[in-house]
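Only one structure is covered here, and it is reproduced in the block below.
What follows draws every value from the coordinates through simple rules; no lab data is involved. Everything numeric in this text was worked out from a predicted model, so none of it was measured. Every residue, glycine among them, receives a Cβ derived from its backbone with ideal geometry; neighbour counts consider all protein chains shown.
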Amino acid sequence: MNEKFNNNEIGDLSSLVKKAKRKTIFRNTIISLIVSILIIIVGYLGNLQFLYKSGNDALRDISMFKQITGPNIYESGYQQNFGLFNGSLDYHTYKVIEGKPVIWNNETFEFNIIGNFSRFPGNYSAIQINNAVVQKEKLSFYIPYNSQTGQRDMLFYHPEIDYGKYINDLPLLEEMNNHKLVEMGISFDQSYSLEVVKKMLPSNVHPVWFWVDTYSEKELDKIEKIYGEDKMPESAEMLYGFGPGIENNNVTEKEFLSSIESGLSVKGKYYNEYKRIYDNLRSNKKKPVKSDVKIIGVVVTGTAEALKSLKEQKYIKATTIGVVTDKY
């Protein structure tokens, strides 16, 4: 027998259905909200995890590369900042002039979640000044100064390239207070072994960084052909070499070669440059050896009075002043 629902029963059923729908919508909303929060948390933690690795890899590559670049430059600290899919690394450096630290550069790099990093777009050129040295020597270029400190940037001359004119800053020492602390870049007339360089420098002049010849004959020929009479000396930041550092005064060619091999092993941002240097040094051999590390220049420090002992040294082809500071 079919029974008909009365109006009250129909109303109760409709109310139950609506209540069940509201519970379902509420439950689904809560589940969606929880899932969304979990996805956000997992995504945020995953983003940080990848950025931490990218930031650490960038710091590793930069620190390792600084071991063979940046004459007389040391790391003074760094800060990492993390955002969404990218971050930044502030890298601070200083120089040491006869035991006195001098602030040098603050560099900012940007890295992303997939491991790439580079400096922020912009102009990082040194300040170019048409000073008395340029006018006196009638140079075709201006003297560079560090854009953050206003200190002189050193310049260097490869012994196998004919530049026509060469800077000699030794006479400028006569214009300084004898107690001034001075950094100076010296370009040699030819390549020498590290042992010979240490012996031929005056005892009161302190070598803090050695410039290594990393050019191939083809690269040198290319410079001669492309630039002709307009060849400019190399800026200090473009050189490769090694120094005794703050703690290790007995650094040798072995440490330089070890730094190159370490750079090759990590296969980071500067891998191709490490490989170019490694291949040029080893020539046709399986791997480079100590005698392949040829010194063609040096960065020295001392008082203005002490550096005067470099005058008339036959092995010097050019000299350029770097940082000049007071003792205290």
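Observations, loosely collected:
- Farthest towards the positive end of the charge dipole of segment 7-123, among the residues 118, 40, 63, is the Cα of 40, using unit charges on the Cβ of Lys, Arg, Asp and Glu.
- Annotation: amide H of residue 154 within the under-5 Å range of 236, sequence separation 5 or more or interchain, hydrogens built in the peptide plane.
- Against the chain, whose longest principal axis comes from its Cα atoms, helix 217-227 is set at around 90 degrees.
- Calculated mean residue ellipticity at 222 nm for the chain: -11500 deg cm²/dmol, from DSSP H runs with n ≥ 4 weighted as -39500 (n - 2.57), summed, divided by the residue count and rounded to 500.
- Label assignment, mean projected area of the Cα convex hull in nm² derived from the structure, set (i) 19.6; (ii) 18.1; (iii) 29.9: (iii)
- Of the GluC sites (Glu not before Pro) in segment 220-328, those whose Cβ has at most 10 other Cβ within 10 Å and which sit in DSSP loop: 247, 312
- Members of 287/317; 225/267; 199/254 lying beyond 27 Å, as alpha-carbon distances in this model show: 287/317; 225/267
- Subtracting the Cα-Cα distance of residue 140 and residue 292 from their residue separation scaled by 0.36 nm leaves 51.4 nm.
- Taking the C-alpha atoms only, the angle from helix 7-66 to the longest principal axis of the chain is near 10 degrees.
- In this structure, the amide hydrogen of residue 68, modeled 1.01 Å from its nitrogen in the peptide plane, lies closer than 5 angstrom to no residue at least 5 positions away or on a different chain.
- Shape of segment 1-147 from the C-alpha gyration tensor: prolate (a/c of 1.5 or more and a/b above b/c, with a ≥ b ≥ c the square roots of its eigenvalues).
- 3J(HN,Hα) from dihedral phi, segment 173-182, Karplus parametrisation 6.51/-1.76/1.60, rounded to Hz, x for glycine, proline: 4, 5, 8, 9, 4, 4, 8, 4, 8, 10
- Inter-label distance, nm, simple model (7 Å from Cα along the C-beta direction), residue 174/residue 21: 10.1
- One decimal place: the segment residue 313-residue 90 gains 76.1 nm when fully extended, by the rule 0.36 nm per residue minus the C-alpha distance.
- Here the extension length gained between residue 190 and residue 74 equals 39.0 nm, from 0.36 nm per residue of separation less the Cα-Cα distance.
- Database remark: amide H of residue 317 closer than 5 angstrom to the amide H of 187, 188, 189 (H placed geometrically; neighbours at sequence offset of 5 or more, or on other chains; Pro and chain starts carry no H).
- Within-12-Å neighbourhood charge of residue 81 [Cβ basis; K, R +1; D, E -1]: -2
- Using the Karplus relation 6.51 cos²θ - 1.76 cosθ + 1.60 with θ = phi - 60°, the per-residue 3J(HN,Hα) values for segment 265-271 come to 5, 7, 6, x, 4, 9, 3 Hz, with x marking Gly and Pro.
- Mean Cα-pair separation over length for the chain, i.e. relative contact order, pairs under 8 Å, 6 or more apart, %: 24
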